[in-house]
1. How many nm separate the modelled label positions at A:ALA145 and A:ARG47, each set 7 Å beyond the Cα in the direction of the Cβ?
2. Order these peptides, A:177-187, A:107-117, by their mean beta-carbon neighbour count within 10 angstrom, highest first.
3. Return the FRET efficiency for the residue pair B:ARG152, B:ASP21: r is the Cβ-Cβ distance, R0 is 25 Å, and the value is rounded to the nearest 0.05.
4. Charges on Cβ only, +1 for Lys and Arg, -1 for Asp and Glu, centred on the Cα centroid of segment B:1-126; of B:PRO45, B:GLY110, B:LEU24, which one is farthest towards the dipole's positive end?
5. If I model a spin label at A:ASP3 and B:GLN92 as a point 7 Å from the Cα along the Cα→Cβ vector, what separation in nanometres do I get?
6. Return the subset of A:LYS21/A:LYS265; A:LYS139/B:LYS23; B:LYS23/B:LYS61; A:LYS139/A:LYS265 for which the Cα-Cα distance in this structure is over 29 Å, preserving the input order.
7. Loop-only check: which GluC sites (Glu not before Pro) in segment B:157-242 are DSSP coil with at most 15 other Cβ within 10 angstrom?
8. Can you tell me how chain A classifies by the Cα gyration tensor, rounded, prolate or oblate, using a/c under 1.5 as the rounded cut?
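We did not get these values from a lab; they are worked out from the coordinates using the rules stated. Just so you know, these numbers come straight off a predicted model, no measurement behind them. As a convention, Cβ positions derive from the backbone with ideal geometry for all residues, glycine included, and neighbour counts pool all protein chains shown.
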Amino acid sequence: MGDHSLRDKRATLAEAASLVKDGDHIAIGGCLLSRTPIALIREVIRRRPQRLELSRNLACYEADLLMVAGEITRLTTSWMGIGLPWGVSKVMRHFVESGQVEFDEWSHLALGLRYRAAAMGLSFLPTRSMLGSDLIRNKQVKLMADPFTGEQLCAVPALRPDVALIHVHRADRYGNGQIDGYTHMDADISRAAGRVILSTEELIEPEELRRHGDRTTVPFFTVDAVVEARFGAFPHECWGAYDADFDAIGEYADAVAVDGPLAAKQWLERWVLEPESFADYLALFGDDRIAARRATAAELLA
Amino acid sequence: MSSVATVDEILAVSASRLLEDGKLVFAGVGTPLLASILAQRTHAPRLTIVVEGGIVGPDIKAGELPVSTNEMRAGRHASTLTSITDIFLMAQAGFFDYGFLGGAQIDPYGNINTSVIGDPSRPSIRLPGSGGANDIATHCREVLIVTAHERRRFVEKLDFLTSPGVNATRLVTNLALFDFAGSSRRARLISLQPGVDLDDVRAATGFEFETAEQIRILEPPTTGELGALDELRGGAGRTAVR
C-alpha cells in the first residue's frame, strides 16, 4: 500500500463495504454485544459476498446472519452464543453440526495473541494457554520450548485478516479512531488486518481529535475508509453512548429458539435486506427506543 | 418469605464463602459474579473483582447485573478498563488468585468440556466454546468449579478437554463440596450441603469420587446472605433482562 499520507478517507457505507472481496477473512471488532459494527456488517451482507471467513473473539448473532445468508464457510472464535440469558444459538448449531460452517476454536487469550502477533509483525506468539487441553489438537498450533528456560509453551500463529470492521466513538476524516471504555481487541485487529474499515458514531475535525491524541486507539495509517454511522452498533451497546436493546436481542433469541435458521432468515430479510439505508433500519426501532437506551447508558455510568 | 434457597442461591453462597478477603478474583457473569459481590458485601470487603472484558474493580449496580463480561454493567465505575488480551496476559503473569468455572462436562480431575458433545470432528452438539475458560483454568492460582449437581455433567471421560483441571482446588455444587487434594488428585468429597447424604451425591454423580475422613456439613445460607443476593438481583432473582 503506497499512500500513507494524511488523506480524506470518508466514505459511504456502500463504498466502504465494497472493500470486502469474495473469499476474504473478515475480522469483526468489539466483543459479543459491545460495539459490534452492525451498520458495516449489514452493508457487507447486502452485497452478497461469497466464501468469507470470519473471526471474532466472542461471536454473537451477527455470525448467525452471515451463516443464513450463505456468505461464510468458517468461523474462528473462542466462543459463540447469543449471550448468557439466551444461550447457544440454534442457527450456529445447525450450520456447524451439519458441516456447512467450520468452527475453529481457540482460547480467548490465544485468539487475542494471534491478532497481537500480526499487530507486532511477528509470525507467532508463545503462551501457556491451551497446554494440556484438546484445543491444541488444532493443527495450526505448535508446541515449543522456551529458548531461555526450556519450559514447554504453545506457539499460536499470527492471524492476519484481509479486512477488519471496527466501530469507534469518534474519528477524523483521516481515519484516526478513538474508543471510549474497553477497547476489546480492536487496537491489535486494526494493525493486523490488510484493510481496515472504521464506522464512527461521530466524525470530528482533526484539530479537535488532536486535543486528545492519547485517546486514539486506531492510528490513521492503518485505516482505509471511515464512515459516519451514528448508532452504528445498535441494538448492541456503545460504551457510554447507548446501552444494548435487550428486547431486540431477546426477540431474536426467542424466534430462533423456535424456528432456528428459518427465523434467522426472516430476521435477515426484515433487518438487513429490506431496509435499504441504515437510516431506514434505525427507523424500524424508532427514535424513542434509541433515546431510552441512550438514557440508560448515561444512568449506568453516572 | 420462604427459607428454602434455590440451587443458584446455594451455589452463590457456598462459592462466596471460599473467597478470602484481600484477593483478586477473575469472575464470569452469572453465579461467579454474584458469589464474588456477595463475598465483598459480607466477609471480604477488600476482594477485587476482575472481569474478562478488560475490567478491574467494577462497582456492579444492584438490580443491574451484567448479561455479558463485555458490557457496561460489568465495567461500571471500574478502576481499570483495558483490552481483553491485556487482562488475560495479567492472568498469565500470575496476578489473579481465584478463577471461577462451570461446564457442560466435568471429569474427576476437574477437567472441563464446554466445546462439543459427541465426536469432536462431527459433534452431536456444538457448544459455545472455551471463551476465556481455558485461560482462567490455566492461569488463575486457584480455580473454583461451580455447578448444579447433575449426573450427566459429571463424567469419567470428557468428549473434549477444553479447560485443564491443573489448578482446580474446589468443586462446589448444590449437594456437596469437593477438593482435589487426595493422593489420586480425583475429586474428594469434603462437605455435604445440609440435608444431603452421601448416597444422594453418589447417585447424582457419574464418576467415582473419594471421600475425606471427616465429612463436614455446610452451613445453610443465612437470611443475611439471601437478602444480599435478593438485593443484588433487584428482587426475586431478576436480571437486567426483561
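1. It works out to 4.9 nm between the two label points.
2. Working: A:177-187: 25.9, A:107-117: 28.2.
Per-residue mean Cβ counts within 10 Å order the peptides as A:107-117, A:177-187.
3. On the way: r = 36 Å, r/R0 = 1.45.
The formula returns an efficiency of 0.10 here.
4. B:PRO45
5. It is 3.8 nm.
6. Numbers: A:LYS21/A:LYS265 23 Å; A:LYS139/B:LYS23 38 Å; B:LYS23/B:LYS61 21 Å; A:LYS139/A:LYS265 33 Å.
Check vs 29 Å cut-off fails for A:LYS139/B:LYS23; A:LYS139/A:LYS265.
7. Numbers: sites: B:GLU208, B:GLU210, B:GLU213, B:GLU225, B:GLU231; in loops: B:GLU208.
In loop regions of segment B:157-242 (DSSP not H, G, I, E or B), the sparsely surrounded GluC sites (Glu not before Pro) are B:GLU208.
8. On the way: a/c = 1.59, a/b = 1.13, b/c = 1.40.
In terms of gyration-tensor shape, oblate.
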